[in-house]
Amino acid sequence: MSGLLVVRAGALATVQDPGRAGYAHLGVPRSGALDTAAYALANRLVGNPPDAAALETTLDGVGLRALAPVTVAVTGAPCSVRVAGRPVAWGAPVGLPAGAELEVGRAESGLRGYVAVRGGLAVPPVLGSRSTDLLSGLGPPVLSAGTVLPVGPPGPDPVPGADACGLPGAPSELLLPLRPGPRADWFTEASLAGLWRSVFRVSPKSNRIGLRTEAGPPLVRARAGELPSEGMVLGAVQVPPDGLPVVFLADHPVTGGYPVVGVVPPGPALDAAAQARPGVPVRFLRSR
């Protein structure tokens, strides 16, 4: 049997792929890997198709035992990687003999790591995706010790052995381009002008649903009253009653009732948000 036995589950390890795009009208969140570049690199390193399911780890890694020989790669937050107790390469394909244990250590910087296995994780898909969605509960459960993750048959693409595309390190300051709207007019002009000059911090309350901010000046509303719930997109920056922006990430709800001051476009900035630890400074940069 080709599979991986979870020996140590870590703080939060989940199965992720590109997610469930296209179901928001049914109330189903997108989900999927938070750091899309690191996830894609892990799959390339083992010769997988770009939509193969992989593991996303949080802060303190994961421990896995191979039930049959497999090839794996670890990317994302830099960390120590060991096979059968011996150091092996991070960010490169590594052979794992049957019975050997892979130990993905604590992140040295950043927050989230990715473990891809050649053939992909063959957990049952739900609505076309194998992603774990923490908000709706769709997909496989959060990893726990003793779980066996099935591995699919290897595809025709060879294991490349190296990758020419590097990844940026974890951000020491998170710079988020923000396209104003659709509810920027719910805030005072002075408050909006101050948004581009202000420094916030990543809150410890952040998760896969959203990156919460703290310590910056609260945005002040120009109008009172409640906003009817409306559709939310990846990267929407919602402002709750405390006035501190929340950047919606992959497990965000599909609707929300607080005004959205702007949207961070998908891409490198949201990938960086996936690696930003609590306390990292956050700046919003006006974008068109």
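Nothing in this text is a laboratory measurement; each read-out follows from the coordinates by a stated rule. Note that the structure is a prediction, hence the values are computed from the model and not measured. Glycine gets a Cβ as well: all are built from the backbone with ideal geometry, and neighbour counts include every protein chain shown.
What value does the chain have for Rg/Rh, both radii from Cα atoms and Rh as Kirkwood defines it?
Taking Rh as the inverse mean 1/r over Cα pairs, Rg/Rh reads 1.01.
Taking amide H as placed 1.01 Å from N in the peptide plane, the amide H of ALA236 sits under 5 Å from that of PHE248, VAL264, each at least 5 places away or on another chain. Positive-end ranking of GLY99, SER203, GLY10 along the dipole of the chain, with charges on Cβ about the Cα centre, is headed by SER203. Basic side chains Lys and Arg get +1 at the Cβ, acidic Asp and Glu get -1 at the Cβ, and with that the dipole of segment 129-264 about its Cα centre reaches some 240 debye. Computed from Cα atoms alone, the Kirkwood hydrodynamic radius reported for segment 1-146 is 15.0 Å.
In a shell of Cβ-Cβ distance under 14 Å around VAL70, excluding VAL70 itself, what net charge do Lys and Arg (+1) and Asp and Glu (-1) give?
Net local charge, VAL70 excluded: +1.
Using Cβ point charges alone (K and R +1, D and E -1), the dipole size of the chain about the Cα centre works out to roughly 300 debye.
The modelled label-to-label distance between ARG288 and TRP196, using points 7 Å beyond Cα along the C-beta direction, is 1.2 nm. Comparing ALA272, ALA184, ALA122 along the charge dipole axis of the chain, the residue lying farthest to the positive side is ALA184, per the Cβ-charge model. Taking 7 Å steps out from each Cα toward its Cβ at THR188 and ALA84 produces label points 6.7 nm apart. The charge dipole of segment 87-164, taken about its Cα centre with unit charges on the Cβ of Lys, Arg, Asp and Glu (plus for the first two, minus for the last two), comes to roughly 120 debye. The alpha carbon convex hull volume per residue for segment 163-242 rounds to 148 Å³. Size descriptors for segment 140-210: radius of gyration and Dmax over Cα atoms are 21.5, 58 Å.
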